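All remarks here apply to the structure that follows.
Taken together, the values in this text are just the output of simple stated rules run on the coordinates, not laboratory data. It should be emphasised that the depicted structure is a prediction, and the values quoted were computed from it without experimental measurement. No Cβ is skipped: glycine too gets one built from the backbone with ideal geometry, and neighbour counts run over all protein chains shown.
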Amino acid sequence: MSFPTNSPAHPQTPAFVVDKPLLDDLRISFQSAMAAHWPNSILGYSFKTNALPWLVAYYRDHGAWAEVVSDTEYELAVALSFAPDRIVFNGPAKSRDLLRFALTCGSLVNLDSKREVTWAAEIARENPDREFRVGLRVNYDLARMVPGELISEDNVARFGFNLDNGEFDAAAAELTEAGVRIAGLHMHNNSKSKSLDVYRAAARVAAEIVAGRNLTPDWIDIGGGFFGGVNAEPSFDDYFRVIREELVKAVDPEETTLVVEPGGCLVAVPFEYHATVVDVKNVDDTRFVVIDGSRTDTDPLFRRTRPYEMTIESASTHTLPAQKLVGATLTEFDRVTTLHDEPELRVGDRLTFHKLGAYTLPFKGLFIDYLPNVYVRAADGGLTQVRRKWGVTQFLQNNLWSRGDGQLRGPDGYDDTVTPEPLTDPSAVIA
Ligand SMILES: Cc1ncc(COP(=O)(O)O)c(C=O)c1O
């Protein structure tokens, strides 16, 4: 299937546009650094950062595994043709069925909750002749090792099994006792600065666990959270150098696979958001410029404080001290940004917001308007549309509503004689 608007001169706004050469550059630079420092490594692309199907398939085609953190993301990876043994399965709320499926089919599974430990032990006891391998997500005291880095308000990291209070060792003991091999450690932590110290700390703790508990891990998963961009500091090379320096103290790089789960560092920069001015108006001394886009796309959690990097296409030669860019949705909060000393915007002027590929598309809700168009721009400037704006058809899917005669109906083509199915068993979807 292709969309009728292939190769338009401009994207139909509002739209995200992926700069493919930039996407290539970042990927190649990440993969080169990874291969130089730890040839035996896996790039698990973090679906949650931006699961645009085109993007996910792009990473699959360039050797990446899928890094998924829920049953739904796992099913998405399978739907997008990742073999189960090229999926890293993380997250705190895996279902029993899908955990069993993933363990059986050779996914790289990192456990993150006690019920998962129980379920992994259970399947191992049922199948004493098979080897089951799991990783454990480690909850370690990054706040003490690198103060001020945790992003949580209470300065406590919530994921994984705590190392200091015995929960990590208790989980490991339960698994070992049941015959499950502790084959990996998962060290992901989000940090404020994304500094090398954070990765040094993660790798150091991993090395200490391996040495202190006599483990022979098949993998150490350092997680994601890297900083990235063209000429970024620290560089991808810096990260891998520091990680290697610490890990080699306890593991053999030939024997232990290094897993990384980058998202933002690879996809934030190559994504632009394009919008067009649809109205300009004055209220007292305030100039409002209404665009066809929305803060629900550029800042879906409504908490951005740093300024946008923007390009303004306007024929205007006159500048204004302040113009408030407001979005197309009907809430006072849809205020995108205030422009200072920029050309006086007019209806039809085009705006491009840069570096918006991480945690924008996935957090976009369905408030008033739905998911926007997405295009990919090639090196020659040609645009290919890879997602068509969601409309009413997509909004209505999986819904039932009154037909007016006491019966329920669904979208056209929906068979209302069939009782709605309970949630599908994921293993059935996969089979
Ligand atoms: C387990 C895990 N892996 C990878 C990532 C990707 O992080 P980022 O997009 O910052 O690289 C996250 C995000 O928080 C995560 O929770």
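Values as computed for the structure displayed
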read-out	value
Any hit, region 138-156, residues being surrounded by 20 or more Cβ atoms within 10 Å (Cβ to Cβ), within 16 Å of the ligand (Cβ to nearest atom) and closer than 22 Å to Glu255 by Cα	yes
Region 6-41: number of residues that are loosely packed, with under 13 Cβ neighbours inside 10 Å and of a type in the set (S, T, N, Q)	2
Total residues in region 386-416, condition within 29 Å of Asp297 (Cβ to Cβ), assigned to a loop (DSSP other than H, G, I, E, B) and polar (S, T, N, Q)	3
Subset of region 374-397 [among the charged types (D, E, K, R) and either surrounded by 18 or more Cβ atoms within 10 Å (Cβ to Cβ) or under 29 Å from Glu332 (Cα atoms) (or both)]	Arg377, Arg387, Arg388, Lys389
Qualifying position, being surrounded by 18 or more Cβ atoms within 10 Å (Cβ to Cβ) and among the aliphatic types (A, V, I, L, M), among Leu361, Leu330, Leu320	Leu361
Phe101 more than 17 Å from the chain's Cα centre (by Cα) and either within 13 Å of the ligand (Cβ to nearest atom) or touching a residue at least 24 places away in the same chain (Cβ under 8 Å) (or both)	yes
Exclusive hit being under 20 Å from the mean Cα position of the chain (by Cα) and not acidic (Asp, Glu), set Leu196, Leu266, Leu247, Leu215	Leu266
Elements of type helices (runs of 4 or more DSSP H) contained in region 221-319, each with 2 or more residues being away from the ligand (no atom under 16 Å from the Cβ) and touching a helix residue (DSSP H, G or I) at 6+ places or on another chain (Cβ under 6 Å)	236-247
Count of region 274-298 residues which are closer than 25 Å to Val18 by Cα and not hydroxyl-bearing (Ser, Thr, Tyr)	10
Answer residue from region 353-401, given it is without any contact (Cβ under 8 Å) to a residue 40 or more places away in the chain and in contact with a Gly (Cβ under 9 Å, 6 or more places away or on another chain) and is nearest to Arg295 (Cα to Cα) among those	Tyr370
Selection within region 211-220 - crowded, with 17+ Cβ neighbours inside 10 Å and outside any loop (DSSP other than H, G, I, E, B)	Trp219, Ile220
Answer residue from region 113-130, given it is under 21 Å from Leu185 (Cβ atoms) and among the polar types (S, T, N, Q) and is surrounded by the most Cβ atoms within 10 Å (Cβ to Cβ) among those	Ser113
Enumeration of residues in region 335-360 that are outside any loop (DSSP other than H, G, I, E, B) and in contact with a helix residue (DSSP H, G or I) (Cβ under 9 Å, 6 or more places away or on another chain)	Arg335, Val336, Thr337, Phe353
Criterion (away from the ligand (no atom under 16 Å from the Cβ), surrounded by 15 or more Cβ atoms within 10 Å (Cβ to Cβ) and over 25 Å from the mean Cα position of the chain (by Cα)) met by exactly one of Leu345, Leu371	Leu345
Qualifying residue in region 178-201 (condition: part of a loop (DSSP other than H, G, I, E, B), more than 16 Å from the ligand (Cβ to nearest atom) and surrounded by fewer than 24 Cβ atoms within 10 Å (Cβ to Cβ))	yes
Filter result (within 13 Å of the ligand (Cβ to nearest atom) and at positive phi) within region 157-177	Gly160
